[in-house]
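Scroll down for the structure; my scribbles are underneath it.
The values are calculated or read from the model by the stated rules, or taken from the named source; none is laboratory data. Here the structure is a predicted model, which means the values were calculated and not measured. Every residue, glycine among them, receives a Cβ derived from its backbone with ideal geometry; neighbour counts consider all protein chains shown.
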Amino acid sequence: MKFGTSGLRGLSADLKGRASALYAAAFGQYLLESGQAKRGDLILLGRDFRDSSPEIADNCTAALASLGFAVADCGTVPTPALALYGLKLGAASLMITGSHIPADRNGIKFYRPDGEIDKADETAISAAAAKLDATFVMPAKTGTASDHAAVCAEGFFKRNAAILPAKALSGLRIGVYQHSTVARDMLVDLLALYGAETLALGRSQTFIPVDTEAVSPETIELLKGWAAEHRLDAIVSADGDGDRPLVTDETGTPLRGDLLGLIAAKILKAAVVVTPVTSNSGIETAGDFAVTRTKVGSPFVISGMQEAVSAGKARVIGFEANGGTLTASEFVINGTVLAPLPTRDCFLPMLAVLSLSATEGKPLSAIASSFALPVAAADRLENFPVETSTRLMAYLRQSPDSLTEFLTPIGKPATVSDIDGLRVTLKDEAVIHFRPSGNAPEMRCYVEAKDEAAAAALLDAGLNRIRQWANTN
């Protein structure tokens, strides 16, 4: 088991066994020993639609019940809904999800009573699991959980139903790519509440991994076909656990996730934006706010937001290149106070961009182009051994000559950032960024260029160079 950019990840086969119970017990023990919870306290449990998730949830329920906790079953709900409910009750929570990664893998996201765990918590939970491992006995699945699914979902729906004015999306025809995301039904209901004509598309009974940061060519082809066939103004969707948004324009072309976060920041009149180094480099000049860059992963964004709040800053928001948007401050919108929700949320950025299209009467393609951001693209090499990516990054970092040699078929490096992976600005001002995934055997490549053709060519060159190096070293 390994903590990545967001939560614990591992093979589904392993998590269906002893591992999930061990880590749930380690989390519970950590809460008790750190004084963040006591026996008898309520712990919330949610899950996604993966085949392995119910069994993993049962293991976690049994482990937590054996420590004396009362477990609340929140069912198949979006992760931000579970987080919001946990903050309201002051209860710790666990979300059983592998987010966007393949179905043969799964994971657990942990939340303290006051919000998402940080890197120090991850270290403490891992240490607790290592300590328990030698003597841990898989508890019998006799733990029972009370049903909190409806009240958990209802609270999140009410939050989102207050963000925009009544019928704010009237006149828009929006497709909802439902696949296997836990957000699928709530998205349809919420958009309809705001007056949009909605069309449910592609509902699946088996789990489909959808990566909103690197949408597959097959998925894009599907989206483009639906957009043309049904004359849609937009298509919306989310990843498996509903914390990362996917929004397309009227042609079915996905909008960048960091653009969605940027639009949410502007609509909320944010004063501080915290975002990873992988987000578009044009964000700094795109609004009237200060920008802080972090490593990739919600724990780092949350840490950056907390630092801003501790420094006395107000109207603090964060978002990632995948579009997941977090708030660390109260925001007033539509005459209501939006309470802080410092975990990734797909609903806020979706509503922000759709409402901007409706208000300005412009198609989403025009909205996107009006920001004039550098054209960015990203993709990944799947099933890329961690050992190989480690050797590659060590080679790129060992000397300027190594980096120059590696980039010879691509361009000449001008400046380098090593915040998370290696982000290289080339002498022609294009950007290429190499970064191993933090939660899967994948190698990621991010690029920025002057136009779509140049970005696509640069991305292709970057991925090919990675493959070439891996095959010869």
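Some observations on this one:
Residues checked against (1) in contact (Cβ under 8 Å) with a residue 60 or more places away in the chain; (2) within 29 Å of the chain's Cα centre (by Cα); (3) buried (at least 17 other Cβ atoms within 10 Å of the Cβ):
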{"site": "384", "(1), (2), (3)": "yes, yes, yes"}
{"site": "390", "(1), (2), (3)": "no, yes, no"}
{"site": "400", "(1), (2), (3)": "no, no, no"}
{"site": "412", "(1), (2), (3)": "no, no, no"}
{"site": "435", "(1), (2), (3)": "yes, yes, yes"}
{"site": "452", "(1), (2), (3)": "yes, yes, no"}
{"site": "467", "(1), (2), (3)": "yes, yes, no"}
{"site": "473", "(1), (2), (3)": "yes, no, no"}
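- With respect to the conditions (1) surrounded by fewer than 17 Cβ atoms within 10 Å (Cβ to Cβ); (2) of a type in the set (Asp, Glu); (3) outside the structural domain of residue 43 (by TED's automatic domain parsing); (4) under 21 Å from residue 343 (Cβ atoms), residue 197 lacks only one, and its number is (4).
- Beta carbons closer than 7 Å, at least 6 apart along the sequence or on distinct chains, pair a first residue in the range 72-96 that is over 19 Å from residue 188 (Cα atoms) with a second that is at pLDDT below 95 and among the hydroxyl-bearing types (Ser, Thr, Tyr) for 72/146; 73/146.
- Criterion (surrounded by fewer than 24 Cβ atoms within 10 Å (Cβ to Cβ), more than 20 Å from the chain's Cα centre (by Cα) and farther than 19 Å from residue 376 by Cβ) met by exactly one of 282, 312: 312
- Of everything in the range 39-54 that is part of a loop (DSSP other than H, G, I, E, B) and among the charged types (D, E, K, R), the residue that is nearest to residue 132 (Cα to Cα) is 39.
- Count of the range 416-430 residues which are buried (at least 19 other Cβ atoms within 10 Å of the Cβ) and charged (D, E, K, R): 2
- Number of the condition not met by residue 31 [criteria: (1) in contact (Cβ under 8 Å) with a residue 60 or more places away in the chain; (2) touching a helix residue (DSSP H, G or I) at 6+ places or on another chain (Cβ under 9 Å)]: (2)
- Scanning the range 436-449 for residues that are at pLDDT below 90 and either more than 16 Å from residue 277 (Cα to Cα) or out of contact with any strand residue (DSSP E or B) (no Cβ under 8 Å at 6 or more places or on another chain) (or both) returns 438, 439, 440, 441.
- Scanning the range 222-250 for residues that are over 14 Å from residue 198 (Cβ atoms), among the basic types (Lys, Arg) and either touching a strand residue (DSSP E or B) at 6+ places or on another chain (Cβ under 7 Å) or without any contact (Cβ under 8 Å) to a residue 24 or more places away in the chain (or both) yields a single hit, 244.
- Selection status of residue 317, over 20 Å from residue 166 (Cα atoms) and aliphatic (A, V, I, L, M): yes
- Of all residues in the range 150-177, those that are among the small types (Gly, Ala, Ser), more than 22 Å from residue 339 (Cα to Cα) and crowded, with 22+ Cβ neighbours inside 10 Å total 1.
- Odd one out for residue 212 among (1) within 25 Å of residue 358 (Cα to Cα); (2) buried (at least 19 other Cβ atoms within 10 Å of the Cβ); (3) modelled with pLDDT of 95 or more: (3)
- The set of residues in the range 1-38 that are surrounded by fewer than 24 Cβ atoms within 10 Å (Cβ to Cβ), in a loop (DSSP other than H, G, I, E, B) and out of contact with any Phe, Trp or Tyr (no Cβ under 7 Å at 6 or more places or on another chain) comprises 4, 5, 16, 17, 34, 35, 36, 37, 38.
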